[in-house]
Amino acid sequence: MSVTAPRSGREMPRFAGPTTFLRLPTLEQLSDPDVVLLGAPFDGATTYRPGARLAPRAVRQASDQAHAFHAELEHDPFATLSVVDGGDVNMPPHDIVAAMDALQSVTAEHLQAGRCVFTCGGDHSISLPMLRAMAAQHGPVGLIHVDAHYDTYPAAWGNDLHHGTPFRHALREGLIDPTRCLQLGLRGSLSSAQDLDFSRQAGFCVVTQANWDDGDGKERLAGFMKSLRGPIYISVDVDGLDPAFAPGTGTPVPGGLSVRELKSVLRQLRGQQIVGGDVAEISPPYDNAGITALIGADLLHTYVTLHALGRR
Ligand SMILES: [Mn+2]
């Protein structure tokens, strides 16, 4: 067994001991890992209900049931990878630009050391500094973006950096390759039809929830996956899921993907080169019974496993 496997519940009870992502050691305990799981406790860019700043702690606690072997992908990523909890990035709660810079700089440092980084937000603004660091290392990346919202929207209250804008900036800054970008789960109401234009004009593969449920969304997704190549970043906003499964989020929208549908989509990434990712918008104050945080922990395990399976 690798030294970084999630600590067994047979060795230390699952409700006891240090609370880390997936029950892994910290960066202080293992200084040169292959993969770093970061906390980005920041929700200063939310436009509606805050609370996502508390998600990294909640997801660490929801990691109590973590085991090494990923049953659905039938693979143990910890057999070949050393993975650590890299701690929380120190993001000032009142300063979006400083918070983004801090996350970008910590992420870039790990990437330059040859590590893969997966981050637990935080509101969805965290994807922009993550993608800035990713593109500096890998060039423009492909993007798997699951969300109820396009997050390519205009400025709010005169501020162009909020949790509804990261992917507009990412495209304009050349951080993502639009021919390798997928948006899935989209269904939130919009200010006007113009809010649809950006993603479509950019050339993203846009699969709305209606297209998934009533149209050819699943076929189009399969076609997208078939042609997908190169380094890929995964960004899951938990509001892409139905609030029945993921109630703990700031801007819930009825009628989204089930957790099982999301897992099935992610399994289609087996063999792809996953270079980083995030899970965003978990808001513990709204998280009945902690079930949304559980999804966060599960996603981190899936990201690490996909990275292991597609490692070059
Ligand atoms: Mn979002």
In debye to the nearest 20, how big a dipole does the range 1-122 give about its Cα centre with +1 on each Lys and Arg Cβ and -1 on each Asp and Glu Cβ? 400 debye
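In units of 2.2 N^0.38 Å, what is the alpha-carbon radius of gyration of the chain? Let's see the in-between values first.
Details: Rg = 17.8 Å, N = 312, 2.2 N^0.38 = 19.5 Å.
For the chain, the normalised Cα radius of gyration is 0.91.
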Just for the range 26-151, what percent of DSSP beta bridges are antiparallel, to the closest 5? 10 percent
For T4, residues with placed amide H under 5 Å, excluding near neighbours: V83
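Stick to the Cα atoms of the range 214-312, pair each with every other, and give me the Kirkwood hydrodynamic radius in Å at one decimal.
Values: mean 1/r = 0.0702 Å⁻¹.
Computed over the range 214-312, the radius equals 14.3 Å.
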Separation of the range 74-134 and the range 143-178 by C-alpha centroid, Å? 18 Å
Whole-Hz Karplus couplings 3J(HN,Hα) for the range 193-203, θ = phi - 60° and coefficients 6.51, -1.76, 1.60, Gly and Pro as x, run 4, 5, 5, 7, 5, 4, 4, 5, 5, 5, x
With unit charges on the beta carbon (Lys/Arg positive, Asp/Glu negative), name the residue among L269, P284, Y233 whose Cα is farthest towards the positive pole of the charge dipole of the range 213-296. L269
Electrostatic dipole magnitude of the chain [Cβ: Lys, Arg +1; Asp, Glu -1; Cα centre; debye, to 20]: 620 debye
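For S227 and S192, calculate 0.36 nm times their separation in residues minus their Cα-Cα distance, and state this gained length in nm to one decimal.
Taking 0.36 nm per residue and subtracting the Cα distance, the gain is 9.4 nm.
Taking 0.36 nm per residue of separation and subtracting the Cα-Cα distance, what length does fully extending D214 through K263 add? List each step's numbers first, then the result.
Numbers: separation 49, 0.36 × 49 = 17.64 nm, distance 2.00 nm.
Here the answer is 15.6 nm.
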Can you give the FRET efficiency for Q201 and D160, using 1/(1 + (r/R0)^6), R0 = 25 Å, r = Cβ-Cβ distance, to the nearest 0.05? 0.85
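Grab the Cα-Cα distance for A289 and E28, subtract it from 0.36 nm times how many residues apart they are, and report the gain in nm with one decimal. Provide the component values of the computation, followed by the final result.
Details: separation 261, 0.36 × 261 = 93.96 nm, distance 3.17 nm.
Stretched out fully, the A289 to E28 stretch lengthens by 90.8 nm.
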Of the DSSP beta bridges with both residues in the chain, give the percent that are antiparallel, rounding to the nearest 5. 10 percent
Under 5 Å, built H, 5+ apart or other chain: amide partners of D88: G39
Would you work out which of L175, Q61, Y303 lies farthest towards the positive end of the dipole of the chain? Charges go on Cβ: Lys and Arg +1, Asp and Glu -1. Y303
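Taken together, the values in this text are just the output of simple stated rules run on the coordinates, not laboratory data. The structure displayed is predicted, hence computed values, not measured ones. Backbone-built Cβ (ideal geometry, glycine too); neighbour counts: all protein chains shown.
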